[in-house]
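Okay, so here's the structure we're looking at.
Since every read-out is calculated from the coordinates, none of them should be taken as a lab result. The shown structure was predicted, so the numbers you read here are calculated from the model rather than taken from an experiment. Backbone-built Cβ (ideal geometry, glycine too); neighbour counts: all protein chains shown.
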Amino acid sequence: MKRSTKQSSPALIALTLLAAVGTSLYGQAQTQSQPPAPALTRADEMLQAWNQIGNKLVAMAQDFPEDKYDFKLQKDERTFALNLLHAAALDYVLIRRISGSNLGPDFGEGDNPSRDAFKTKADVVKFVQQAVADGASVIQQQGDAGLDKTTKFFGNRLAHNSSIWTFAIEHSGEHYGQLVVYYRANNMVPPDSRR
Amino acid sequence: MKQIRIFLLLAVVIFAVTALGQGQATNSAATPSAPQAQQSQQAPPTIASTVDREISGVEKQILEVAEAMPEDKYNFSPESLNIPGADYKGVRTFAVQVKHVAASNYFIWSPLTGDKVPESIKDGNGPADLKTKADIIKFLKDSFALGHKAAATLTTQNMLQTPEKSKSPRLRLATFGVAHAFDHYGQMVEYLRMNGIVPPASRGKSD
């Protein structure tokens, strides 16, 4: 959530899009004078996307004041902390399926851990960090070949691991968007928007 | 004696129902039923169809929240609630959130298709003259149509290549559009809830 007063500046819009999708005249000029950098592997691409959203959630978890961790805007929704715990827990549900292991801490059944198991801000931060790091390790270990393997996904169907990783990344993005609104409700600017 | 017979009969019925249920579960996991068998005869998923499915997923969710917000609330921003201790000054209205997603879709996906970004899009907030809910939703739908066109260009041969006017590989661009839309979907969900509207995807469940 960016302020539209700032957004209405075409320069900022252009800058944001340049940073986001990597379009730049500078890049084009470089492309003409230098040999192109080798393409990343698919696993490296996935790893970048995974770390990008994961680290945004970690930054929020670290940044948000502990005494506001139980804040929520409306009664029928998750608190700040429960949003983070849910995002990380779903990551683990999927990481465990893909890796066929039992990585990560015991957070009970499902993907909505209780604060009882993660009482402090430090506990929540650690859990989110672990989920991002463990997912990154599995992506790296399995490489491109791992992305083409299939795993049982929701709805009792098999899905390619690449689709499952992408689903987890998108799911984290959705909860990141909600937490952006929680930030502003507390007169705070989300870490990624401090430019 | 009669009670024992009834008990045995019940035990047989329960056993039969349980066995039938297990059989069906096993069938659905291991042996395709008729519709599944039909599905397996379809072409296997490709990189294009896989990404297209992702785009369809976020398209459905964003369109649902765009439809769920009443037109007279399209200019809602949390700033208007004057929440004590909050600072929403100047943040996007609901309408601008929708237009931002659509405009970004054009910027992100057009390098894949080679299409020109429409002249009406001057910045990331989309055309300023789009005011009605119907027009804004049409703009959104058109942007996702470009997304489907972009997904269709993906092949295993070109997905790691960088298209002209971009530094990111095709696959990254295609999926970044989806991830970006989900970020704003999360914000739009909060805008709906601030207006007492349960997001369509959350109706009937706690998530």
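Within 10 Å of the Cβ of each residue in A:41-54, the mean number of Cβ atoms contributed by other protein chains is 2.
Each of residue A:119 and residue B:152 was given a label point 7 Å from its Cα along the Cα-to-Cβ line. The distance between the two points is 5.8 nm. Here each label is just a point 7 Å from Cα along the line to Cβ, and for residue A:141 and residue B:198 those points are 4.1 nm apart.
Computed from the Cβ-Cβ distance with R0 of 22 Å, the FRET efficiency linking residue B:53 to residue B:141 stands at 0.80.
Net charge near residue B:162, counting Lys/Arg +1 and Asp/Glu -1 over other residues with Cβ under 13 Å of its Cβ?
+2
Fewest neighbouring Cβ atoms within 10 Å first, the residues A:101, A:162, B:56 line up as A:101, B:56, A:162.
In terms of other Cβ atoms within 10 Å, A:172, B:80, B:104 run from fewest to most in the order B:80, B:104, A:172. Looking at region A:150-195, the chymotrypsin sites (Phe, Trp or Tyr not before Pro) that sit in a DSSP loop and have at most 12 other Cβ atoms within 10 Å of their own Cβ are A:154. Working from label points 7 Å from Cα in the Cα-to-Cβ sense, the residue A:34 to residue B:115 distance is 3.4 nm.
List A:151, A:120 from most exposed to least, where exposure is judged by having the fewest other Cβ atoms within 10 Å. Before the final figure, lay out each step's value.
On the way: A:151 17, A:120 12.
Arranged by neighbour count, lowest to highest, A:151, A:120 become A:120, A:151.
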